[in-house]
Structure formats: C-alpha cells, structure tokens
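K.L.:
There's a structure below that I have some questions on.
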Amino acid sequence: MRLVVDNLDVRYGGVHAVRGLSLTVEPGEIVGLIGPNGAGKSSTLHAIMGLAGASGSVQLDDRELLGLRPEDVARSGIALVPEGRRIFAELSVEENVRLGLAGRRTRGSTDLAAVYDLFPIVHEFRARQAGALSGGQQQQLAIARALVAEPDVLLLDEPSLGLAPSVVDVVFEALAAIKQRGLAVLLVEQRAQRTVAASDRSHVLANGAVQLTLGPQDAGDTEKLVAAYLS
Amino acid sequence: MTVTWQNLADGLLLGSVYALMAVGIGLVFGVLRLVNFAYGQLVMAGAFALALASQWGWPAWAGIVLCFAVVLALSAAMEWVVFRPLRGHSPAVMLVATFAVAFLLQSIALLWFGSLGKIATSLTFLGRFWTIGGVDIRKIAIVAVIVAAVCLLLLSVLLERTEIGLHMRAASMDFSTARMLGVRANRVISFAVLISGALAAVVAVMLTVQTPLVTPDFALRDTIVVLAGVVVGGLNRPIPATLGGFAIGFATGVLGGALPTDQSQYLPTFVFVAVILVLLVRPRGLFDFSRTVERV
C-alpha cells in the first residue's frame, strides 16, 4: 500500500509546525525527511500516526487516516518507531516484541520468526529485561516491535540518534532489508548525507514546509546539502 | 497492650481485605493515573445489595451474585458516563469527578436506605469461630486470607500470561506508546475498571461478614485508610501498592484488637502518624525497591 500525505498542516497553539506538506511513499521505497531541529519532521510523523491534531489528508491507499485514534492508525497498517525508542524498560524483550502484535491485522497470528530473523540480537536477548539492553540493541528492539505488526508503512523517527557509528550501520542495513520486503518507509533523520544516500528521495524541510527534494545521487554533493539546510 | 493470636488473625483478615482494595484502586490508577475516590462507594453499593438480598430471604449465593451484578454495573456506568467522556481532561478534573460520583452514590444510598442502613445477615455464619490449637479464629479470617490469595493469584496470571494483561501492564507504564502500537485504550481501561469493580464486590462480601450493618458511609473509612496504605506501599507499582494495603490493614487489625478499650479511639491517629513517618523516610513508598536497570 502507498502512503499519500496531502496538504498537511499541524499547529501547536500559536506554533505552525507543518505547513501544507505533501509527499508520497510507494511500497518498497524509502523516503527521507531531513532538516534542522524544529523543521516539522517529527510533527509530520505524529500527525500521520494520530498523535497530533492536524488538517489536510493522510491516506493509506484510498483510506483516510486523519482523525483516527493512534491505535486505529496502527491497526490500519502503519507502524511508528518513535524518537528515543520508547521501549518498555521493565518488560522483557519478548514482551516488548509481543506488544507489536496489537497492531497486527491478521488476528490470532502470533509468529515472530520473520522479525527475529532480521534482528537475531533481539531473539538472543528475548528473556532479558528490555531496559538492560544497550542503546543500539534497544533501537533494534523498537524496530522489531514495529515490524511485528506486519505494517505496510514504517515510520522511523531519528533511529540513529545517540548511537555509535557501527550501530548506525546496523540500523541502515536493517532499513535496506525492510525495503527489500516491500514496505513503504518514511525516515526522519538528522544524518542528512546518510539519509539521502539510503533513500529513494529525500525532502528537506524548513519551517514546516518542503524546501527541496534530493535524490540518492545528491548524497555526495555537500554544497547542495548545506545550501538546502540554509535555505 | 497485649497482642493475642486472635488479634493477629483479625490483622490478617483486615490486611487481606485491604490488599484487595489496594489492588482495585491500583489497577485503575495504573491505566488512568486516577485515584478513584468513589471506590468505597462501590463497596457500599455491593454491601447494600447483600443486605437487600438478606431482607428478601435470598440464599447467600444469590446475594453474592446480586452484589457482583450491582458493583460491576456501577463500575461499567462509571467508566461509560464519567471516565470516558472526561478522558483527556486534566487529572484534577478527573479527580473531582470521582469525588462527585462518591457523594452522588452516598446520597442515593441515604435517600433509598436512610442513615440507619440495613443489615446483611445471609453470610453471618462466616462470623462464627473455629477453634484451632486452642485459639478461636473467626471463619471469615481464614476465608478472607484464602479468597485474597486466590484473587491475587488469578490477577497475577491474568496480568503475566494473557494478551490483555500485557496490554494493561504496558498501558500502566506508557499509555501513549501502548496506543501507538495498537493497544486499544478503551478496551484496556474498561477491563481494568471492571476487574477493579469485581474486587470491590469481593471486598463488599467480606466486609459485610465483619460488619453486617450496612450504612451509606460503609467502607468510607476503610477506603481512606487503604488509600494511605497504597501511597505508603508505592502508588506507581501494583505489588508495592498491594503490600502497602495489606500492611496498613494488618496494623489496623492488630492494633484495633490489642489497644485497651479506652484508647481505641486513637487508632486512626496512630496509623496516620505512622503513615506520615514512613513517607518522610521513604517518599517513594515503603515497598518500592525499583532502581535503574543495569545494562548488559
């Protein structure tokens, strides 16, 4: 299924966080959202997920999602890996993974093998308390938990934040594997160059609006990236 | 002051009852971050149902069924009419709403049954004594301990081994993230409110054996003491909250029996001074030993 965001507006009181944003993510695509702090990247994901009030349109194929409660958006086929991971530290790793089943549309299906195949470390530590995992392992757990829902669209909010470079590699390798599985991925990141290289296209946001769209061929063009950020 | 085996048995009885009340209050607090001050009035309503069943000559089991039906119906009504429409409002609004519900239910009881109340007699046989090793112990003390243990065990299995239990635990830790994963907020909250109501019905049955005279302020004092116990134990976590409820019930039961008659009016003073001292020394709660998890 494809995600179509059209003319999205998000306001927090007097702050206009997202202004008329439109984008499309097709199955098997990674679309990046990059830009400075406060550009409206996370607000866009929150609005899609039903976590923030918004106007405009968010459609999964032809189904309108805007106005739905977060749990209903999750059960429609969209999963969010939130910023800061927000795993349940006091639950076991496996219980965290099983929570992802709440968003799965095929009732009664509880198979976790596909996710454990993608993240063997999550399988290995499944009996441990989730709070005992390292930051990188927690990030893999957060992505695994989202994938358990078998979503059509995966939203990721700063998945590499605070991770060591070697762990960032693991996360981006996982994203490539997820793309291979045919999911539509919307990736919010601060690591602009890495995101532009990994994405089919990347939208540069500033002041809540798309300023520029870059392709993977632009990843090496530092001047263009810097100009986009300063625009 | 002399503590006898009988006093200890009374302490166990009250501790068990208060532990169940603490779980009931703690479950709703876990998912709604709301202290339900109307919890005592749910117990009162169940006790009146038992009293009415006694008055109508119904057998004990029918009275218990009526008690559960009334308390569960009121719990469901509370969730649908009060909690759900106010969800998303500030905690202060929700808190005041539970006060309003408490006064409403108490006023209705006063209008319907009068201030003198009614007597629940169908379970008085549980108030008689068994002699065990030369010590007279009321049957209800043993029944209460067994019933509380079974209820807590069943609840533990529900929370640890079922999907809805996992969802409830996750919701009590971070409701926003749980919803984002697809956990249905209304289902989890309704379930917690109903389980809490079922526990209130169990408490109503046990308290009416201990105190057969049911008045509109029935269980009001118990609820206040349990709330103090829950805070002493640790409001944020179910096990410490339950232990807090048990501890304050046990202390109240033992002291209530052991204090000389001319000093028994000071019992609440002793209990609440102890509560204040505990909170000064351990503000997170007496039984909350949680700490940051060490990473691998």
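The values are calculated or read from the model by the stated rules, or taken from the named source; none is laboratory data. Computed from a predicted structure; not experimentally measured. Virtual Cβ from ideal backbone geometry, glycine too; neighbours counted across all protein chains shown. The accessibility values were calculated without ligands, DNA or RNA, using every heavy atom of the protein model including side chains. Shrake-Rupley method; radii C 1.70, N 1.55, O 1.52, S 1.80 Å.
K.L.:
If you plug each phi of the range A:156-170 into the Karplus form 6.51 cos²θ - 1.76 cosθ + 1.60 with θ = phi - 60°, what whole-Hz ³J(HN,Hα) values come out, in order, with x for Gly and Pro?
P.N.:
These are the phi-based 3J(HN,Hα) values: 10, 10, 6, x, 9, 4, x, 9, 5, x, 5, 6, 4, 4, 4 Hz.
K.L.:
Here's something else I'd like to know. Could you tell me how many degrees, from 0 to 90 and to the nearest 10, lie between the Cα long axis of helix A:135-148 and the main elongation axis, the longest principal axis, of the Cα atoms of chain A?
P.N.:
90
K.L.:
Provide the three semi-axes, in whole Å and in decreasing order, of the ellipsoid equivalent to the range B:5-218 as defined by the square roots of 5 times the Cα gyration tensor eigenvalues. Each step should come with its number before you reach the end.
P.N.:
Details: eigenvalues 195, 96, 37 Å².
Here the semi-axes work out to 31, 22, 14 Å.
K.L.:
Would you mind calculating the relative contact order of chain A from Cα pairs under 8 angstrom and at least 6 residues apart, reporting the percent as a whole number?
P.N.:
Details: 499 pairs, mean separation 64.7, N = 231.
In percent, rounded to a whole number, it is 28.
K.L.:
When ligands, DNA and RNA are left out and all protein chains stay put, how many square angstrom of accessible area per residue does the range A:148-225 have with a 1.4 Å probe? Display every interim value, and only then the final one.
P.N.:
Working: 3070 Å² over 78 residues.
Per residue, the range A:148-225 has an accessible area of 39 Å².
K.L.:
If you don't mind, another one. To make sure I understand the rule: partners must be lysines, Cα under 25 Å from the Cα of B:Lys139, and not fewer than 8 residues away in the same chain. Which ones qualify?
P.N.:
Partners found: B:Lys118.
K.L.:
Can I ask one more? Per 0.36 nm of contour for each residue apart, how much would the distance between A:Asp117 and A:Arg11 grow if the chain were fully extended, relative to their Cα-Cα spacing?
P.N.:
Extending this stretch completely gives an extra 34.1 nm.
K.L.:
In the protein assembly as shown, what percentage of the DSSP-assigned beta bridges are antiparallel, given to the nearest 5? Each step should come with its number before you reach the end.
P.N.:
On the way: 27 of 44 bridges.
Around 60 percent antiparallel, to the nearest 5.
K.L.:
When chain B is modelled as a GNM with alpha-carbon springs shorter than 10 Å, which of B:Leu111, B:Leu207, B:Leu95 fluctuates the most?
P.N.:
Among B:Leu111, B:Leu207, B:Leu95, the largest mean-square fluctuation in the Gaussian network model of chain B belongs to B:Leu111.
K.L.:
If one takes the accessible area of chain A alone plus chain B alone and subtracts that of the pair, with a 1.4 Å probe, what total in Å², rounded to the nearest 100, results?
P.N.:
2500
K.L.:
May I ask you to derive the FRET efficiency for A:Gln190 and B:His89 from their Cβ-Cβ distance with R0 = 45 Å, giving the value to the nearest 0.05?
P.N.:
Efficiency, rounded to the nearest 0.05: 0.80.
K.L.:
Return the Rg/Rh value of the range A:76-231, two decimal places, where both radii are evaluated on C-alpha atoms and Rh is the Kirkwood radius.
P.N.:
Reported Rg/Rh (Cα atoms, Kirkwood Rh): 1.00.
K.L.:
Excluding residues fewer than 8 places away in the same chain, name every one of the lysines whose C-alpha is closer than 21 Å to that of A:Lys224.
P.N.:
Counting by Cα, and skipping residues close in sequence, A:Lys224 has these lysines nearby: A:Lys41.
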